[in-house]
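Notes to accompany the following structure.
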Amino acid sequence: MLKRADCGSCCSVPEAEEDCRIEEQSAAWASSCRFALQNLGCASCAGKIEAAIMELPQVVDAQLNFTAGSLRIESPRPCSDLLAEVREIVERFEPGVSVRPWQEAGQTKPGRHIRLQLYRLAGGAALLIIALLLERFVSQPLAIVIFMASYLLAGGSVLLAAVANLRRGGWFDEHLLMSIATLGAIFLGEYPEAVAVMLFYLLGEIVQGQAVDRSRREIAALLDIRPDSANLLEGQQVRTVDPNQLDIGQLILVRPGERVPLDGVIIDGESLLDSSALTGESRPRRQTIGDEVLAGMINGAGSLTLRVVRPFAQSTLARVIELVENASENKANTERFITRFARVYTPLVVLAATLIAVLPPLFVGDWSAWLYRALIFLVVSCPCALVISIPLGFFGGIGRASRQGILVKGGNFLEALGKVETVVFDKTGTLTRGVFEVREILPEEGFTATDLLEKAALAEIDSNHPIGQSIRKKYAQKLDRSLISDLQEQPGLGVAARIDGQQVLAGNRKLLQQAGISPPRLQQAGTAVYLAINGTYAGALLIADELRGDAAEAVARLRQLGVTHIEMLSGDRRREAQRIAEILQLDGWRAELLPDQKLEALEQLLAQRNRGPLVMVGDGINDAPVLARADVGVAMGGLGSDAAIEAADVVLMTDEPGKLATAIETARLTRRIVWQNIVLAFVAKGGVMLLGVFGLATIWQAIFADVGVAVLAVLNAVRIIRE
C-alpha cells in the first residue's frame, strides 16, 4: 500500500515521474515487520504513533492495531533497524509502552510499567494525606509544598506529555486537558482537588489499562489455538521441534489428546478428530489413512502419523488466525464516525469551557466560581470511553464469531450483518448438499442408457463440478482418454467434445439450443444433463441433489431475526429450483442463470435499497463475482478452502447455512453493546457538563465521568466474549 492513494495519477505529471518510480520500487521491495506494543492504553496516542511512523524514511505503510496491541510496517528496511526508531517514537508519545518483535511478545511478562504506576499512586496518596494533616494541624505553607510534591509525583508524566504534545503542534489531547484543569485548580488555591484529580486520573489509567489488557488476553485466548510443538519422526526416533521449522514431506506423530501442529495427510493410524477450534462444532470427525487433517484439530483416541503437506505459515489455521487478528483494520462505520467525532468534539468542549470561564463573569462576576465550572468541562471532554471501547467491542465480536466457526474479516462486515434485511442464497452446495447422484437415465430412441452414460462420463472426464463427478461415479469404469479430442468447457453451459469420432454435447438446455437442437422439457424433479450426439438429441441424465439438513431451520431462524426477504439464485433447472424454494418457503427464486445473469439479478436486488444491507451466501470461488458485489459476501464451507477464505467477507467454516443466523446474532449483540457504550458515555459526560454549568458538579465527579465511564465501557465491551 502506497502513501499516495493512486500513484498512477501522479505519474501523469512529468515532474513527479521519478518520485513515483521510486515509490513503486519501494512498494515492490517492501517486506512486512510486525511488533507487539505492550501496555498500550491510550487510543488517541496510538493514532499519533501510527502517523509518526508513516513519516519515517522508506516506510511504505504502517497499521497500528490498538485493540490487538500490534504494529505492522511495510518497508524495505530490516525490521531490526526499524525497531529502534519505533521504540523512540512510542516512548515520545506514550512512555512506558514496551515494543518488541511480535514473535517475542509472549516471552515477556508485562508488569514493570504497572508497578511504577502503582508506586506513584501509593506515594502520591500518602503525600496527599500528610499534606491534609499538615494543613489542618501544622502549617499551611508546608502543606502546600507537600501538596505540590504529591501533584508532581502523580501527574508529572501527564505534564511532560502535554508539553511534548504542544511542541509537536498537538493541542487537544487528554494530557493537555488534565494539565490545564489541575493547574487551574492550583491557581484557584484548590490544592487538594488538583492533587486528587491527578491521583484519580492515574488510578483510572491503571484500571483502564488493566481492563483493556484483560480484554485483549480474553480475545487472544479465543485465537490461542497455535500448537506449541510438533513430534518429528526421524526413523524410529521422535524429536520435539517448533512447527515453524518443519517442511513439506516430513513425518510427524500426533499422540492422543494432542493438537495437530500442521496440515498433513494420514499415512498411518485412525482416530476421531475434534475440529471445534476451526469450526465451532464439537462433533468429532473420523479420519483414516489418506485423509487430510488440518492444524488446530485435536486428536482423539488413536495415534496418527502424518506427512506434512504445507508449512505452518500457509496452513488454514495460520491464515484464519492472521485474518481475525487483522480484522480490526477494516473499521466499522461507527468506529470511523467516533474517530472523526472525537477530533471535533474535544475542541468544541474546550471552546465551550473558555466561554463559560469568560462570558458569565462579565455580567455576574465571581470569576473563580466560573473558572472552576470551566475546569469541569475540560476534565469531562476527553472521549476515551468511546475511542477505546468501540474498537474493542467490534474486535470482541469478531473473536466471538471465530470461536463459533465464523470468520469475519472486519468490523465493517460485522456491523452490516447486524442490520441485514435481505439474504440471497445460491442453491447447489449452499442450500443443498451439492452431493449429486444419477437417479435416472432417459435415452431417446436409437440410443441406449449405457452408451449415454459412457459418453457423458467421457465428456466430464476433467470436470471438478459435483455433477460431473457424480456422472463418473455412476459409470464406475476406467475411462479411455484416447477416445477424446477437442474437449471444450463452456462456462455455465456444459461441455463439447469429439468422442470416438462423434461430436458430443453434454450440458443444459441452452448449450443444445445454441447448436440448433431443441431438447424436450423434462417433468421429473432434479437437475438434467442433456446430451446430443452428432447434432441429434440423444437423451438426458437426471441428477438429484439433497437439501441440507439444517436448511429449513436456517431460513426459519433468519425469519425470527427479522430478515424480511430471502431469495435464491440458481443456475439449475426451473423445476428443481422451484421445488427447493417451495420446500423452504422462500420469498423469491430465479433459475437457469448464467454467472453474468446471476450478477444482474443481484444488482436488481441491490437497487432496492429500502431493504438495507444485502447478504449473498455461496459455496466459495464459483460464486466469487456475486460474493464480491454483495454488501456482505458469505462463503460456505471454508474448512480447508483457501478460495472461500479469499473470496468472501464472511466465511462459515462448516457446511451449515444455519451458521449465518448465528453470525447475525453475534453481530447484533456486538452492535447493541457498542451503542450501550455510546449512550453511557454521552449521558454521563453530558449530565456532568450540565450540572457543572449550574455549579452542581465537582471535578471529582468530572473525573468519574471521564475515567470511570471509560472503565465501565471497556468492561461492558468484554461481555461480548463471555455471553
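The values are calculated or read from the model by the stated rules, or taken from the named source; none is laboratory data. The structure displayed is predicted, hence computed values, not measured ones. Here the Cβ is made from the backbone with ideal geometry for all residues, glycine too, and neighbour counts use every protein chain on show.
Within the range 456-486, the set of residues being surrounded by 18 or more Cβ atoms within 10 Å (Cβ to Cβ), under 18 Å from residue 512 (Cα atoms) and not small (Gly, Ala, Ser) comprises 458, 460, 467.
I want to confirm something. Restricting to the range 681-698 and keeping residues that are among the β-branched types (Val, Ile, Thr) and outside any loop (DSSP other than H, G, I, E, B), which single residue is nearest to the chain's Cα centre (by Cα)? Going through the qualifying residues, I end up with 683.
Within the range 655-680, the residues that satisfy the criterion of being over 18 Å from the mean Cα position of the chain (by Cα) and among the polar types (S, T, N, Q) are 676, 677. Can you tell which of 417, 375 is touching a Pro at 6+ places or on another chain (Cβ under 9 Å), buried (at least 24 other Cβ atoms within 10 Å of the Cβ) and either of a type outside the set (D, E, K, R) or not in a strand (DSSP E or B) (or both)? The match here is 417.
Each row is one residue, and each column tells you yes or no for (1) surrounded by fewer than 20 Cβ atoms within 10 Å (Cβ to Cβ); (2) within 21 Å of residue 718 (Cβ to Cβ).
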| site | (1), (2) |
| --- | --- |
| 296 | no, no |
| 333 | yes, no |
| 353 | no, no |
| 380 | no, no |
| 391 | no, yes |
| 407 | no, no |
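Of the helices (runs of 4 or more DSSP H) lying entirely inside the range 515-618, those containing at least 1 residues that are in contact (Cβ under 8 Å) with a residue 24 or more places away in the chain and over 23 Å from residue 655 (Cα atoms) are 574-584, 595-607. For the range 350-378, a tally of residues being touching a residue at least 24 places away in the same chain (Cβ under 8 Å) and among the aromatic types (Phe, Trp, Tyr) returns 2. Among the residues of the range 670-696, which ones are surrounded by 20 or more Cβ atoms within 10 Å (Cβ to Cβ) and under 26 Å from residue 199 (Cβ atoms)? Those that are surrounded by 20 or more Cβ atoms within 10 Å (Cβ to Cβ) and under 26 Å from residue 199 (Cβ atoms): 677, 681, 684, 685, 688, 689, 692. Within the range 504-527, does at least one residue satisfy the condition of being farther than 24 Å from residue 437 by Cβ, among the basic types (Lys, Arg) and either surrounded by 13 or more Cβ atoms within 10 Å (Cβ to Cβ) or touching a strand residue (DSSP E or B) at 6+ places or on another chain (Cβ under 9 Å) (or both)? No, the conditions are met nowhere in the range 504-527. Pairs meeting the criteria (first residue in the range 81-103 and farther than 18 Å from residue 56 by Cα, second residue surrounded by 18 or more Cβ atoms within 10 Å (Cβ to Cβ) and polar (S, T, N, Q), beta carbons under 7 Å, at least 6 apart or on different chains) are 95/157; 96/39; 97/38; 97/39; 98/38; 98/39; 102/70. Taken together, 195, 207 contain a single residue that is at pLDDT below 80 and within 28 Å of residue 353 (Cβ to Cβ), which is 207. With respect to the conditions (1) surrounded by fewer than 16 Cβ atoms within 10 Å (Cβ to Cβ); (2) in contact with an Asp or Glu (Cβ under 6 Å, 6 or more places away or on another chain); (3) more than 19 Å from residue 319 (Cβ to Cβ), residue 284 lacks only one, and its number is (1). One residue stands out in the range 459-493 among those that are within 13 Å of residue 507 (Cα to Cα) and in contact with a helix residue (DSSP H, G or I) (Cβ under 6 Å, 6 or more places away or on another chain): the one that is modelled with the lowest pLDDT, namely 492.
Checked against (1) of a type in the set (Asp, Glu); (2) free of Cβ contacts under 8 Å to residues at least 24 places away in the same chain; (3) closer than 20 Å to residue 572 by Cα, residue 489 passes all but condition (2). Residue-level analysis places residue 719 outside the set of residues that are among the charged types (D, E, K, R), out of contact with any Leu (no Cβ under 7 Å at 6 or more places or on another chain) and either at pLDDT 85 or above or over 30 Å from residue 559 (Cα atoms) (or both).
Residues in the range 400-418 that are among the charged types (D, E, K, R) and closer than 12 Å to residue 632 by Cα were compared, and the one that is modelled with the highest pLDDT is 415.
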